1. So for the pair THR15, ARG147, with labels modelled 7 Å out along Cα→Cβ, what separation do we get in nm?
2. If you wrap a convex hull around the alpha carbons of the stretch 8-87, what volume per residue comes out, as a whole number of Å³?
3. What are the ³J(HN,Hα) values, in whole Hz, obtained from phi via the Karplus relation 6.51 cos²θ - 1.76 cosθ + 1.60 with θ = phi - 60°, for each residue of the stretch 38-44 in sequence order, with x given for Gly and Pro?
4. Rounded to whole Å, give me the distance from the Cα center of the stretch 169-207 to that of the stretch 76-131.
5. Let me check the size of the chain from its C-alpha atoms; what are the radius of gyration and Dmax in Å?
6. At 7 Å along Cα-to-Cβ for each site, give me the label-to-label distance between SER104 and ARG136 in nm.
7. For the chain, what is the percent of antiparallel DSSP beta bridges, rounded to the nearest 5?
8. Enumerate the calculated ³J(HN,Hα) couplings along the stretch 209-217 in order (Karplus 6.51 cos²θ - 1.76 cosθ + 1.60, θ = phi - 60°), each rounded to whole Hz, writing x wherever the residue is Gly or Pro.
Amino acid sequence: MSIIDSLLQTIAPHTCIGCQTEGSLLCADCTTGLPDSPPECYFCHQPRPDCQTCASCFSRAGLHQVVVCTLYAGIAKDLVWRLKFGGAQAAAGALVLAIPALNSPNLLIIPVPTATGRVRRRGYDQAALLAQYLARRERLAYVPCLRRQGQSHQVGANRKARLVQLRDAFSVVRPERVRGNSILIVDDVITTGSTFEAAARALYAAGAAQVSALAFARSE
């Protein structure tokens with residue numbers, strides 16, 4: 001949480017988006033009430049334990065696992081909008097409350113970098129905030145080593161168009177931090193998964209041993 005956000009929270013505490021209870025953007029009861037995203041392969045949507053990518057899809061995508069916490073609708077959508085467009089940096093902490101424990105002590109947490117134009121408009125990178133909160137909670141290393149090469153706008157594009165736009169979209173700085181490690185890349189919302197795939201390609205090229213991904217919500 002930023003200093004400004006902390007000050008505003010003290011002067012005018014947040015109210016829960018779901019039930020209007022004062023104290024936080026998402027109270028414990030409304031957090032547990034978020035609909036679960038079904039455990040499935042993110043690519044073909046077949047049921048899979050622990051959201052693991054099935055073998056045939058893994059050969060195309062390279063993501064070992066893609067965990068999605070909830071659906072991009074209702075309270076979850078309102079919360080993401082507060083984070084991305086309402087200046088509520090504290091919403092990143094509220095999103096993390098809905099993410100289950102990772103139970104993976106050796107992961108590196110890496111955010112999917114947001115386009116620089118959007119970061120300038122917002123004053124912060126919402127995926128980086130989410131990853132920082134998650135790494136702090138799990139006591140894992142936060143390593144913001146992905147860099148976005150272009151500024152393509154993916155909203156509304158279908159999977160084929162996204163893949164074209166995202167070709168060679170990311171690079172890795174400090175590849176020595178990545179080499180031989182298991183990685184969890186983090187973003188707020190997943191649609192087709194093509195952004196995660198592009199990020200994974202860059203990380204594997206830098207020597208990552210295994211790449212998984214986590215998103216707070218899935219948008220259809």
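Values in this text are rule-based calculations from the coordinates and carry no lab data. Keep in mind it's a predicted model, so treat the numbers as computed, not measured. Neighbour counts run over all protein chains shown; Cβ positions are idealised from the backbone, glycine included.
1. 4.5 nm
2. Details: hull volume 9.5 nm³, N = 80.
Enclosed volume per residue, from the Cα hull, is 119 Å³.
3. Per-residue couplings from phi come out as x, x, 7, 5, 5, 7, 9 Hz.
4. Their Cα centres are 16 Å away from one another.
5. Over the chain's Cα set, Rg and Dmax evaluate to 16.9, 53 Å.
6. 2.2 nm
7. Working: 7 of 26 bridges.
Rounded to the nearest five, the antiparallel share is 25 percent.
8. 7, 7, 10, 10, 9, 9, 10, 5, 9
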